[in-house]
Amino acid sequence: MNLRLLPYGDRAVLAELDTLQDVLALHEALEATRPAGVLDVVPAARTVAVLVDPHRMPLDTARAWVSAAQAAQTGARSYGRARAVTIDVDYDGEDLPEVASILGLTVDEVIDLHTGTPWRVAFGGFALGFGYLVTDHDRLVMPRREQARTAVPAGSVGLAGEFSGVYPRSGPGGWQLIGTTDAPLWDPNRDPAALLSPGTTVTFRRRS
């Protein structure tokens, strides 16, 4: 794993990595050893931002902590320690037949793969409560739609690239829609407000 620590203002350290798998491993290692003075650890596709209170953790100390965490972690996953969420899904998405055709599978085989796969929230983005979910295989890798929809209903479950995700609210989007859920993805009165925060493990369950 190649780690590059980049300038990121006077209250943060930005770690740049080569792959999303490296991001997941470093994020896990940082959360497991998170000291006082760290305000947030925010993963993205190729970076991890560490936000600190510089009066409690100077930036030099933060950089040393990130480097030590990267050197100590082995890349092994510890999903058992992560928060786990189950999401019930009606597999009624309008793109599901086309997804099955592209993948060379039956509709039921796509559903079995989606529900039988352990997913993990790699990072958030796009909208409050939206999580980019990844898994350990590439059997559901799916190109985005050639033409994005102007309005995707809230609760839509989709696939795009290496990710699966659930739309927390209605909005435009180009993901391939395979199902729907009524799971409350964002609730400002809940702690945490996001049902799918980075590191959370997710199981999709087919609803009869």
(request) For the range 20-114, just say rounded, prolate or oblate: build the C-alpha gyration tensor, square-root its eigenvalues into a ≥ b ≥ c, call rounded for a/c under 1.5, and beyond that prolate if a/b exceeds b/c, oblate if not. (result) prolate
(message) Modelling each spin label as a point 7 Å along the Cα-to-Cβ direction, I'd like the ARG144/GLU16 distance in nm, to one decimal.
(response) 2.2 nm
(message) As a test of the formula, what do you get for the chain when each DSSP H run with n ≥ 4 contributes -39,500 (n - 2.57) and the sum is divided by the residue count, at 222 nm and rounded to the nearest 500 deg cm²/dmol?
(response) -6500 deg cm²/dmol
(request) For the chain, build the charge dipole from Cβ charges (+1 Lys, Arg; -1 Asp, Glu) around the Cα centre, then report which of PRO118, VAL166, ALA84 sits farthest towards its positive end. (result) ALA84
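Provide the FRET efficiency to the nearest 0.05 for the ALA49-SER170 pair, computing r from the beta carbons and using R0 = 30 Å.
On the way: r = 29 Å, r/R0 = 0.96.
Given R0 = 30 Å and the Cβ-Cβ separation, E is 0.55.
Is the shape of the range 54-208 rounded, prolate or oblate, going by the alpha carbon gyration tensor and its root eigenvalues a ≥ b ≥ c, with a/c under 1.5 for rounded and a/b larger than b/c for prolate?
Here the range 54-208 falls in the prolate category.
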(message) How would THR200, THR86 line up from fewest to most surrounding beta-carbon atoms within 10 angstrom?
(response) THR86, THR200
(message) With both bridge residues required to lie in the range 4-72, what share of the DSSP beta bridges run antiparallel, to the nearest 5%?
(response) 95 percent
(request) Please list 164-175, 54-65, 109-120, 181-192 highest first by mean number of surrounding beta-carbon atoms within 10 Å per residue. (result) 164-175, 109-120, 54-65, 181-192
(message) Restricting to Cα pairs below 8 Å that are 6+ residues apart, what does the relative contact order work out to for the range 36-136? Please round to a whole percent.
(response) 20 percent
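None of the figures in this text is laboratory data; all of them are computed from the coordinates on show. Treat the numbers as computed from the prediction; the structure is a model and nothing was measured. Cβ: placed from backbone, ideal geometry, glycine included. Neighbour counts: every protein chain shown.
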